[in-house]
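Peer 1: If you scroll down you'll find the structure; I have some questions about it.
The values are calculated or read from the model by the stated rules, or taken from the named source; none is laboratory data. Quick caveat: nothing in here was measured; it's all calculated off a predicted structure. Cβ: placed from backbone, ideal geometry, glycine included. Neighbour counts: every protein chain shown.
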């Protein structure tokens, strides 16, 4: 988690600076009004595509659960889809590019699998069944307590 402050710094300082520089460059080439209209167009198009991809991601999640698989990659794919939507709503060409890249299903699935493998590693075992602990449960009732439904710390009636 040492890299978290760096990511926060990038999100707060560097990304807006890059977006402003890109706006100035694009606005200087095509004009202010076309730049603004292009930004609005990419936001609207991006939201429509995120919505469509969201339905597909939900179907993938339901299929994984129906097959009895843990849907880690599908859940992360949905989270990346949410990130794509956020990037597309933020005005700017750089964040729009990142958002549109995250809308490409094979790229998003590959990133989701990489994240799933990094975040949800299986526990190491030394032998088969090493993580299983067998126990026997014995219920003991207190004969002096007339109200078995009350915990021992509460006053008796």
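Peer 1: Just a yes or no: is a residue in the range 42-50 surrounded by 15 or more Cβ atoms within 10 Å (Cβ to Cβ), under 17 Å from the mean Cα position of the chain (by Cα), closer than 22 Å to residue 98 by Cβ and modelled with pLDDT of 90 or more?
Peer 2: yes
Peer 1: Select from the range 89-107 the residues that are outside any loop (DSSP other than H, G, I, E, B), under 16 Å from the mean Cα position of the chain (by Cα) and in contact (Cβ under 8 Å) with a residue 40 or more places away in the chain and write down the one among them that is surrounded by the fewest Cβ atoms within 10 Å (Cβ to Cβ).
Peer 2: 105
Peer 1: Do we find a residue being modelled with pLDDT under 95 and assigned to a loop (DSSP other than H, G, I, E, B) anywhere in the range 71-80?
Peer 2: Yes, the range 71-80 contains a residue that is modelled with pLDDT under 95 and assigned to a loop (DSSP other than H, G, I, E, B).
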